[in-house]
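Here's the structure we're looking at; comments come further down.
Computed from the coordinates by the stated procedures, all read-outs in this text should not be read as laboratory data. Just so it is clear, the structure is predicted and the values come from calculations on it, not from any experiment. Glycine gets a Cβ as well: all are built from the backbone with ideal geometry, and neighbour counts include every protein chain shown.
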Amino acid sequence: RTGALGVLVRSCTLCQRLDVDDVEDVRAWRSPAHGRALWIHGVTTHYRVKPVGEFVIGVCLGRGYHLSRARTKHMIQPGQLVVLDPSTEHSGSPAGGGPWEGRLLVIELPDLRAAAADEGTALQDLDFPDPKVGDRRLAVCFVALHHLVERSASALEQQSQLYAFLQDLADLSPA
């Protein structure tokens, strides 16, 4: 499974993933409702991302991990929502000696701006200097959105739920 993911991710302009061999079980897909968004669900032991113009939004489940970003380390607890903007690379390592499960959404910045324009919001001004988002309700909403897209809900339902989530997220941005 990791070989196919490696090809998918290396051929994708959304991110450059290193240490693909460390991934135990990961699945990535695109929704017809939002084709430039990459949805990822899986279990991993390490990762490193060099952003090329995208936001990474995610929640870890089951077990926490250590997030390193811009010389700063964060302990990410299970159920914690994180937002990683394209300003710097980031990496993760186990917090407890084993893999963690994650649900991620990778959105290209131009597409994020287009989504904002469609909804009349200012999502392009998102700024999250601290990657940890403290709103647990929003983390639960993100996981529900991820499940919705995973089970192939209608394009309209997926798109409206994604825009509602992004608006709620934008409301929490300190920018």
*In nm, give the distance between the simple-model label positions of ALA175 and LEU156, each being 7 Å from the Cα along the Cα-to-Cβ direction.*
3.2 nm
*So what are the ³J(HN,Hα) numbers for region 42-54, from phi and the Karplus equation (6.51, -1.76, 1.60; θ = phi - 60°), rounded to whole Hz, Gly and Pro as x?*
x, 10, 9, 10, 7, 7, 8, 10, 9, x, 10, x, 9
*For GLY53, distant residues with modelled amide H under 5 Å away*: none
*Report the full-extension gain for the segment ASP135 to GLN77: residue separation times 0.36 nm, less the Cα-Cα distance, to one decimal in nm.*
19.6 nm
